[in-house]
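Taken together, the values in this text are just the output of simple stated rules run on the coordinates, not laboratory data. Quick caveat, the model's predicted, so the values are computed rather than measured. Here the Cβ positions follow ideal geometry from the backbone for every residue, glycine too, while neighbour counts run over all protein chains shown.
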Amino acid sequence: MKLSQLLTAPNQLTLLRMMFLPFIVINQLNGHYRWSLILFVIAGLSDGLDGLLARTLKQQTVLGQYLDPIADKLLLSTMFLVLSILHHIPWKFTVLVFSRDISILCASAVLYAIAGLRDFRPSIFGKANTFAQVAAIFFVMLFEFDKARWVYIARLSFLRATFAFTIISGLHYVFLVGQRLRAVNHPQTGHSAAP
């Protein structure tokens, strides 16, 4: 069962995206900024493609529901870390991104252990945060070899958007968790938590 899920086209594409990561980092560390950016864009496109394939081929799996966000977080978190080490992104952004993700991971593990909660689909703010992170990394990497003013402005704008949405989505997540816990603890009240 699990092997058949792993062999589906969308999940294979997700695994391929994870394999791109070391080559993105290696090119970044070696100063091959254009190649690093090209590989990052390909990885980003594959993220949209695997979701499209899953829906089109009706190959949506439980494994894919976990594997896809893991691949996304691995790519984005690693890039924030590497770009901060190389002094391309101020550390405050990376620390905030990591703090939110680690807090959500720990909270999810605890909630699963004590209440059996598994449904942690990203909210609209979480999706906005992911988009801001992807765009911020893209323009930070582009700025490494294209110092145009519009690139600088886009880079700064999306880094600020990342900062804002990281905080907003984190607070919204706390709110949703509270609602779901209340729904679990009071199932007979007739009130349900927001999805």
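Panel order for Met18, Met141, by other beta carbons found within 10 Å of each beta carbon, from fewest to most: Met18, Met141.
Could you sort the peptides 79-91, 98-110 by per-residue average Cβ neighbour count (10 Å cutoff), highest mean leading?
Output ranking for 79-91, 98-110: 79-91, 98-110.
Our estimate of slack between Ile114 and Ile167, defined as 0.36 nm per intervening residue step minus the Cα-Cα distance, is 16.5 nm.
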